[in-house]
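Here is the structure we will look at, set down as structure tokens.
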Amino acid sequence: MEDFDELVSSLTPREDNEAIKSYQNTTAVACPACEKPFDDMVVCKETFTSLNLDFEMDLCTTIHDDSVVLFTHK
């Protein structure tokens, strides 16, 4: 993803641990995959990462610097 740093600068950081780094989309930035506003962006740092989701949501994905990046749509 070419404009990853620009995208991150438009988001609000929420969580950063060994497995993931997450951001909230508080400015209605468009998802790079589907071009609709997304709710959160999650960068998976580990090769294997589990996400415990509280509710069903649509996900879009991409790869950046060999890391999976998820875009959630509630």
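Were the residues from Leu59 through Ser10 laid out at 0.36 nm apart, the gain over their Cα-Cα distance would be 15.7 nm. Among the chymotrypsin sites (Phe, Trp or Tyr not before Pro) in the chain, those placed in a DSSP loop whose Cβ has at most 15 other Cβ atoms within 10 Å are Phe48, Phe55. Seen from all directions on average, the chain presents a Cα convex hull projection of 4.7 nm². Per residue, segment 7-65 exposes 70 Å² of accessible surface when a 1.4 Å probe is rolled over the protein heavy atoms with every protein chain present. Surface composition of the chain: carbon and sulfur atoms hold 44% of the protein heavy-atom accessible area at a 1.4 Å probe. By definition, a body whose alpha carbon gyration tensor gives a ≥ b ≥ c is prolate when a/c is 1.5 or more and a/b is larger than b/c, and segment 10-53 fits this prolate description.
Each Lys and Arg Cβ is given +1 and each Asp and Glu Cβ -1; about its Cα centre, the chain then shows a dipole of about 180 debye.
The values are calculated or read from the model by the stated rules, or taken from the named source; none is laboratory data. Just so you know, these numbers come straight off a predicted model, no measurement behind them. Reconstructed Cβ throughout: ideal geometry from the backbone, glycine too, with neighbour counts over all protein chains shown. For the accessible areas, the whole protein counts, side chains as well, though only heavy atoms, and no ligand, DNA or RNA atoms are used. Shrake-Rupley method; radii C 1.70, N 1.55, O 1.52, S 1.80 Å.
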